[in-house]
Amino acid sequence: MKKFSSEDIVDLEVKDPDDKPSGKLRRKHRQWGGASFGLLAGMAGLLGGRLGYLYPAFDVFAQFGMQFTLMVIGFALAIFMPRFKAIFGFAFTAALIAGYGAWPHLNATDLSRGPFPVTAGEVVFRVAQFNVFAENADNAAIAKEVERLDADVVTLVEFDRSKGPILQLLARQYPFTHAYYDEDYRNFAILSKFPIEAIQGKAIWEGPPYAGALLGGKLGGLWVYAIHTTRFPYSRAQLNQFKGLVKKLESRAGPTLMMGDFNTTPFSRLPGLIEDGLGLRRVTHMPTWPARLGLPQLAIDHIFISDELRVVAEQQIGNNAGSDHYPITMTLAFKPR
């Protein structure tokens, strides 16, 4: 009888010759995994923005709330694609983000001229807000764009002393101006076709620097404020600036128009502090920065109005004139008391 050695012993487990790992199944899992990861990453970004209510540093995620939303939509659509789910997710997301940046340009060339529906006693006027960018040395281009926008009231941010000649270039169109120069964020100009009866300006205090002007004439009694807050990574300081602004102005009653570069998007908690604390409504929503890419992504330039004002023509952007921001303009109606 033949003896078997250990070398003769073979694996006695019965194997199905067709039982092989499926490369197709592995690829399918990778496709689902890539799409699911993109979807979860977008949702995590949105959740991070909400955590800004607890920890100010997380508010940076809220600044990109629209992009995270579009990411969720893009990868959710990709899940329904039969193949290449992850690739389609990235493609859909990129297309949606590019479309978001292109959206403000759709009606940017033709400024709303009216006629507008108004009630008895209402005054219709156009406003504009423009962060002209401190490093932008093309004063002529800035003046030309402000002239083209032809707003009745204009706030200019990062308007340092080197840009003072712009006021002379626009003196005929805007006979009433208030320029407030200081340092860094504390540079403003308010241009008006209506008389300015009183002015304010504050640089060093527990809140953002601002310039204010009380208008007369047909807009008599309307306070106009130009605001510029700090930005990430100084999230806690920015939160304190918003709270300080509310504390400073909460006792002021009457018609109010607040415009500026708030360095925060509608997804953040910060605009709500102004709405709740001062009883103002944010009426802007379009992205305005960065202008140099041609497809702005962050809606950080805003207009807030009190109940005495209402919107009769929605927000539009203008030409950046060498700035890293697009100017914004809209038409309002004001009914003096």
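Listed values, structure above:
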| quantity | calculated |
| --- | --- |
| Among the residues listed as Ala76, Ala94, Ala62, the single one being closer than 16 Å to Leu298 by Cα, open to solvent by 30 Å² or more (accessible area, probe 1.4 Å) and not in a loop (DSSP other than H, G, I, E, B) | Ala94 |
| Residues within region 123-144 that are at pLDDT 95 or above, open to solvent by less than 70 Å² (accessible area, probe 1.4 Å) and in a loop (DSSP other than H, G, I, E, B), tallied | 3 |
| Residues of region 208-226 classified as at pLDDT 95 or above and either open to solvent by less than 10 Å² (accessible area, probe 1.4 Å) or touching a Leu at 6+ places or on another chain (Cβ under 6 Å) (or both), total | 9 |
| Test: Gln238 is buried (at least 21 other Cβ atoms within 10 Å of the Cβ), of a type outside the set (Gly, Ala, Ser) and more than 25 Å from Ala57 (Cα to Cα) | no |
| Lone unmet requirement of (1) more than 23 Å from Thr284 (Cα to Cα); (2) modelled with pLDDT of 95 or more; (3) among the aliphatic types (A, V, I, L, M) for Ala120 | (2) |
| Residue identified as among the polar types (S, T, N, Q) and either surrounded by fewer than 16 Cβ atoms within 10 Å (Cβ to Cβ) or modelled with pLDDT of 95 or more (or both) among Thr229, Thr284 | Thr284 |
| Qualifying positions in region 245-275 - outside any loop (DSSP other than H, G, I, E, B) and either over 20 Å from Pro209 (Cα atoms) or under 10 Å from the mean Cα position of the chain (by Cα) (or both) | Asp261 |
| Qualifying residue in region 63-71 (condition: at pLDDT below 95 and within 29 Å of Leu270 (Cα to Cα)) | no |
| Breaking point among (1) surrounded by 21 or more Cβ atoms within 10 Å (Cβ to Cβ); (2) more than 19 Å from Ala128 (Cβ to Cβ), for Leu295 | (1) |
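The values are calculated or read from the model by the stated rules, or taken from the named source; none is laboratory data. Every value quoted in this text rests on a predicted model; they were computed, and no experiment measured them. Virtual Cβ from ideal backbone geometry, glycine too; neighbours counted across all protein chains shown. Just so you know, the surface numbers come from the protein's heavy atoms only, side chains and all, with ligands and any DNA or RNA stripped out. Shrake-Rupley method; radii C 1.70, N 1.55, O 1.52, S 1.80 Å.
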